[in-house]
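Report on one structure; see the data block that follows.
Computed from the coordinates by the stated procedures, all read-outs in this text should not be read as laboratory data. The structure presented is a predicted model; accordingly, all values stated were derived computationally and were not measured. Glycine also receives a Cβ, built like all others from the backbone with ideal geometry; neighbour counts cover every protein chain displayed.
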Amino acid sequence: EQWLALVTAQPDNYRFHSGLQTAYLELDAATSKDMFALKRLQLPSTSLSLDAAQRTTLKELYATLIAQHKRSAANKIVLGLQQGTEELRGPLDAFLKTNLRNAIPSVFQEVAALICVPDESNPARVRFAQDVADFKNHEVTTLVQGLVDGYVANLRTSQQFDTANPAANPEPPTALLWALYLQT
């Protein structure tokens, strides 16, 4: 309850999200201590190998938080809770379109943060990919490349992200610029 109140008051504070996730996942004392020692933007959901029940618990929690705070860190955090590319496709598509439309420079870092690999030193943990091969061969990279390639083609021909479901207004020219940046 207290962590939820803190996140509600400051929805972009990752330390509060870390505490909230630790509480909702009911982690033991040693693991909780490790989670509070994580670096700035790391969370239990990005550091631990979560089972399906834990993912579901956090997804339900973050669905509530997103409803309360439409433009908060919860929108980024929930992407990391998706399991597999089919589950990730819809939320990632919406996230990328919003960020490219609004020319958000950090979109590359946000996407890169979704690319996690098993930690060889601790099987219960995952870590952010650091090796080029990890990035190139990861399923998230393949998904992002496919989405962005489609955006670039559509933006060049129709000034829309999606020609099948066109928006009322054309996308700003900067959307193509940022899509090209993300494509490289």
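Shape analysis of the chain yields a ratio of the Cα radius of gyration to the Kirkwood radius, Rg/Rh, of 0.99. Structure remark: mean-square fluctuation, Gaussian network model of the chain, C-alpha springs under 10 Å; the largest value among ASN169, ASN137, ASN13 belongs to ASN169. Beyond 24 Å, the tail of the calculated P(r) for the range 84-184 holds 27 percent of the Cα pairs.
Fewest neighbouring Cβ atoms within 10 Å first, the residues GLU60, GLU1, GLU110 line up as GLU1, GLU60, GLU110. Ranking of TYR151, TYR24, TYR181 by neighbouring Cβ atoms within 10 Å, starting from the fewest: TYR181, TYR24, TYR151. Helical runs assigned H by DSSP (4 residues or longer) give the chain a calculated mean residue ellipticity at 222 nm of -18000 deg cm²/dmol, each run adding -39500 (n - 2.57) before division by the residue total. One quarter of the convex hull surface built on the alpha carbon atoms of the range 130-179 amounts to 4.1 nm², the projected area averaged over directions. For the range 1-55, what log10 I(q)/I(0) values come out of the Debye formula at q = 0.15, 0.26 1/Å, with one point per alpha carbon and no solvent? Debye curve over Cα of the range 1-55, log10 I(q)/I(0) at q = 0.15, 0.26 Å⁻¹: -0.38, -1.08. Helices assigned as whole DSSP H runs in the chain whose Cα atoms extend at least 27 Å along their own long axis and whose mean Kyte-Doolittle hydropathy is 0.0 or higher are found at 139-158. Here the Gaussian network model covers the chain, with springs between Cα atoms less than 10 Å apart; of LEU147, LEU79, LEU38, LEU38 fluctuates the most.
From least to most packed, judged by other beta carbons within 10 angstrom and beginning with the fewest, VAL78, VAL144 follow the order VAL78, VAL144.
Measuring between their Cα centroids, the range 101-150 and the range 52-94 lie 16 Å from each other. For the chain, modelled as a GNM whose springs connect Cα atoms under 10 angstrom apart, the maximal fluctuation among LYS76, LYS39, LYS59 occurs at LYS39.
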